[in-house]
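Accompanying notes for the structure given below.
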Amino acid sequence: AELATIRDLVIEKLSALAPLAQVPIADGAFYCMLRVNTDQEPMTIVERLIREHRVAVMPGPAFGLAGGAYFRVAYGALQRETVTEGVGRLVKGLRAVV
């Protein structure tokens, strides 16, 4: 139940990035995929997010996702406070970087 609550929180916060980004709906798991509307290379965005905003996501090509800027956002081992802070950094960072 706690994981479902965390998942809903993550999706809600990431959905606020529209139209800059979309979160394709997926059931289950402890991560979600995020598609950002940009021509920038995913790894370039990842590096800037880490350096400038102290938050990390995995680039989509590591999971076979090509043809866009996809990112995997994991949240499975995190508590609500940690998720709120991390997703907040991610949203702020993506708005600044993209």
Do the conditions hold for residue 34, that is, is it touching a residue at least 24 places away in the same chain (Cβ under 8 Å), outside any helix (DSSP H, G or I), out of contact with any Lys or Arg (no Cβ under 7 Å at 6 or more places or on another chain) and open to solvent by less than 50 Å² (accessible area, probe 1.4 Å)? yes
Only one of 42, 24 is modelled with pLDDT of 95 or more and within 12 Å of the chain's Cα centre (by Cα). Can you tell me which? 42
Output the residues belonging to segment 57-75 that are hydrophobic (A, V, I, L, M, F, W, C) and in a strand (DSSP E or B). 58, 69, 71, 73, 74
Just need a number here: residues in segment 49-92 that are among the charged types (D, E, K, R) and open to solvent by less than 70 Å² (accessible area, probe 1.4 Å). 2
Scanning for something in contact with a Phe, Trp or Tyr (Cβ under 9 Å, 6 or more places away or on another chain), touching a residue at least 40 places away in the same chain (Cβ under 8 Å) and within 16 Å of residue 23 (Cα to Cα), does segment 45-68 turn up at least one residue? no
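The values are calculated or read from the model by the stated rules, or taken from the named source; none is laboratory data. Here the structure is a predicted model, which means the values were calculated and not measured. Cβ sites come from the backbone with ideal geometry, for glycine too, and all protein chains shown count toward neighbours. Surface accessibility is based on the protein's heavy atoms, side chains included, excluding ligands, DNA and RNA. Shrake-Rupley method; radii C 1.70, N 1.55, O 1.52, S 1.80 Å.
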